[in-house]
Amino acid sequence: VQYFAPQLSFAPSPLKFGEIRLGTTKTMDVTVRNEGDGPVTLKSNTFKTGTYYSIVSGSLPPEVVLEPAQTHTFTIQYSGDRETADIERDFDLDTLTIEADCGEAEFGMEGVAGVPCIVVEDFKVGTVGAREERCKAGGLLVRNQGSDTLVITNITGFLGTNFTVTNLTPALPM
């Protein structure tokens, strides 16, 4: 039999880290509040998986006694170490369990890590004389094969060489 500690509330709940860049971290605070009419002792905390999340500050033990309406804050760090397969649905999930003298309380967290990957269609011009132009029929295809949004702000030639792009669809930045 497991008893859930209803007199503890969490804000925010769940803890949503949102989207971060692959290889980076983000920290957020979650506050535990004693909603009951008597003291509650917070004894320990554990993550169900502990793969992508860690407690930066506020970890238990040592035990913390919360009087009615008092709070305790945990600072939790999400490490975006795994590239998502789908930025909309493939989240890194975990649950933090707080053991209190009256039972256990749990709250969830989610985050997602992605990275853009630009792929530009190959266009071999060959040798071109000065003032001679070569255009690629049908345009040049640029694709994002990564898991995060790709933003293009500028297009330049290799090492400052002459290179122009016309009729960009859509226009920069894109």
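The values are calculated or read from the model by the stated rules, or taken from the named source; none is laboratory data. In this text the structure is predicted, and so the values were computed from the model without any measurement. No Cβ is skipped: glycine too gets one built from the backbone with ideal geometry, and neighbour counts run over all protein chains shown. Surface accessibility is based on the protein's heavy atoms, side chains included, excluding ligands, DNA and RNA. Shrake-Rupley method; radii C 1.70, N 1.55, O 1.52, S 1.80 Å.
If you take the charge dipole of the chain about its Cα centre, with +1 on Lys and Arg Cβ and -1 on Asp and Glu Cβ, which of CYS102, PRO39, THR127 is farthest toward its positive end?
Sorting the options by dipole projection puts first THR127.
Run the Debye formula on the Cα coordinates of the range 1-94, all scatterers equal and no solvent, and tell me log10 I(q)/I(0) at q = 0.13 1/Å.
-0.52
Using every pair of alpha-carbon atoms in the range 75-174, split the distances into 10 Å bins beginning at 0 and state the percent of pairs per bin, rounded to integers.
Pair shares across the bins are 11, 28, 21, 16, 11, 7, 4, 1, 0.
Take the solvent-accessible surface of the protein heavy atoms, probe 1.4 Å, and return the percent of it on the chain that carbon and sulfur atoms account for.
51
Of the trypsin sites (Lys or Arg not before Pro) in the range 76-174, which ones lie in a loop per DSSP and count no more than 12 other C-beta atoms within 10 Å?
Loop-located and lightly packed - ARG89, LYS124, ARG131, ARG134, LYS136.
Assign unit charges at the C-beta atoms only (+1 for Lys and Arg, -1 for Asp and Glu), then state the dipole size of the range 20-90 relative to its Cα centre in Debye, rounded to the nearest 20.
180
Please report, in debye to the nearest 20, how large the charge dipole of the range 47-174 is about its Cα centre when each Lys and Arg carries +1 at its beta carbon and each Asp and Glu carries -1 there.
Result for the range 47-174 is approximately 1240 debye, rounded to the nearest 20.
How long are the semi-axes of the ellipsoid equivalent to the chain, from square roots of 5 times the Cα gyration tensor eigenvalues, in whole Å, largest first?
Over the Cα atoms of the chain, the semi-axes work out to 55, 13, 12 Å.
Please give the contour-minus-distance gain from ALA130 to THR97: 0.36 nm per residue of separation, less the Cα-Cα distance, rounded to one decimal in nm.
4.9 nm
Rounded to whole Å and sorted largest first, what semi-axes of the equivalent ellipsoid does the C-alpha gyration tensor of the range 55-134 yield via the square root of 5 times each eigenvalue?
Listed largest to smallest, the semi-axes of the range 55-134 are 55, 13, 9 Å.
Accessible area per residue, 1.4 Å probe, Å², for the range 46-174: what's the number?
Per residue, the range 46-174 has 65 Å² of solvent-accessible surface.
Quote the charge dipole size of the range 99-150 about the Cα centre in Debye, to the nearest 20; the model charges only the Cβ of Lys and Arg (+1) and of Asp and Glu (-1).
1040
Which order do PHE107, PHE123, PHE10 take when ranked by solvent-accessible area (1.4 Å probe, heavy atoms of all protein chains), largest first?
PHE123, PHE10, PHE107
Determine the order of LEU150, LEU66 by accessible area, beginning with the largest, at a probe radius of 1.4 Å.
Ranked list, largest accessible area first: LEU150, LEU66.
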